[in-house]
Amino acid sequence: MTNPVIDCLMNHRSVRRYSSKPIEPDKLETILTAGTRAATAGNLQFYSFVVVDDDEKKKELDRAWKPKAVFISKAPVVIIALVDQYRVRRWLELHSERDIHNNRPINFFLGIWDALIALQNMVVAAESFGMGTCYIGSILEMNIAEILGVPKHVFPAGLVCIGYPEATPKLSIRLPLDAVVHRNSYRMPTDDDINRWYAERDKVWDKVSEERKEKLKGQNIHSIADSLAVQRYSAEVTEQRSRGILDNLRRSEFDLTDTA
Ligand SMILES: Cc1cc2nc3c(=O)[nH]c(=O)nc-3n(C[C@H](O)[C@H](O)[C@H](O)COP(=O)(O)O)c2cc1C
């Protein structure tokens, strides 16, 4: 079963190298408009998008991401999706005497939904024009008050790089549908299920060169699971990567605590 939209979705791959072909302004406008046509909570559009095409600003994003990264700055266009409860609050304040409470979990999480649903629409629109895209999760950790000058009640939701691909990367693997789809209620997977579903990922270890394996063994890493545990899920990495997010939360003055 297919059609042009399904074809486009099935062919998604993250593109991290871009050709020198610029993004046409009219196509960019269509991509942004397609984003705003997505469903949005209460039709209130709790988001803003910062389109970054200035080289200096892109380099600043690279530096904020990783000291040696050059990937964001190589993309012709970067779109940053923000949860924006500032704009709607100001509108209400201008026209109502009532107190506005819009910095609580409901406002935050609906804002995240709104911003990311619209951003993914933009990704699909860009890919339908033959462009390549790549999300960068680290926008959550970057100091967006400093880099983008956002006011309170604004929080980073997502960043996507867009450009025409230099080459077409391989389609990446996915878990079988069985692993991710539950019918009517959550069915607890057995350990055998989990081992079966992740077998393809475990096998990636076999493709690691002997030289690299030797180095990793020095860090007590003997499998893909070990390497994820150390490089992504150690207490230090988790804490360090959460720090910037918590700083952004504090600056944004969203209050996600239980005040009951
Ligand atoms: C929330 C999120 C954060 C991501 N962050 C990064 C990133 O920081 N750097 C990167 O190179 N790719 C990033 N990606 C892209 C994923 O690595 C990619 O989607 C995944 O490996 C699957 O590959 P595919 O998109 O080609 O199918 C991110 C994707 C998502 C959805």
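Quick note: the coordinates plus some simple rules give every number you see, no bench work behind them. Everything numeric in this text was worked out from a predicted model, so none of it was measured. Counting neighbours? That spans all protein chains shown, and the Cβs are built from the backbone with ideal geometry, glycine included.
Things to note:
- Dividing the summed -39500 (n - 2.57) terms of all DSSP H runs of n ≥ 4 by the residue count of the chain sets its mean residue ellipticity at 222 nm at -13500 deg cm²/dmol.
- For the chain, the residue among 44, 245, 2 whose Cα projects farthest onto the positive side of the dipole built from Cβ charges is 2.
- Dipole moment magnitude, nearest 20 debye, the chain about Cα centre, only Lys, Arg, Asp, Glu C-beta charged: 380 debye
- The range 129-170 and the range 235-260 have Cα centres spaced 20 Å apart.
- Evaluated at q = 0.18, 0.20, 0.33 Å⁻¹: base-10 log I(q)/I(0), Debye formula over Cα of the range 50-96: -0.60, -0.66, -1.13
- Within the range 221-260, GluC sites (Glu not before Pro) in DSSP loop having at most 14 other beta-carbon neighbours inside 10 Å: 253
- Applying a length cut-off of 30 Å (Cα extent along the axis) and a mean Kyte-Doolittle floor of -0.5 to the DSSP H helices of the chain leaves 105-128.
- One quarter of the surface of the convex hull around the alpha-carbon atoms of the range 177-242 equals 6.4 nm², the direction-averaged projected area.
- Dimensionless Rg/Rh of the chain - Kirkwood Rh, Rg from C-alpha atoms: 0.99
- When you restrict to C-alpha pairs under 8 Å that are six or more residues apart and normalise by the size of the range 62-147, the relative contact order lands at 30 percent.
- Selection among 150, 140, 118 by position relative to the dipole of the range 1-160 gives 140 as farthest towards the positive end (Cβ unit charges, Cα centre).
- The mean sequence distance of close C-alpha pairs (under 8 Å, at least 6 residues apart), as a share of the length of the chain, puts its relative contact order at 26 percent.
- Efficiency of FRET from Cβ geometry, residue 54 and residue 152, R₀ 30 Å, rounded to 0.05: 0.75
- Other residues with beta-carbon under 13 Å from the beta-carbon of residue 20 carry, at +1 per Lys or Arg and -1 per Asp or Glu, a net charge of +2.
- Counting Lys and Arg as +1 and Asp and Glu as -1 over every other residue whose Cβ lies under 10 Å from the Cβ of residue 146, the net charge comes to 0.
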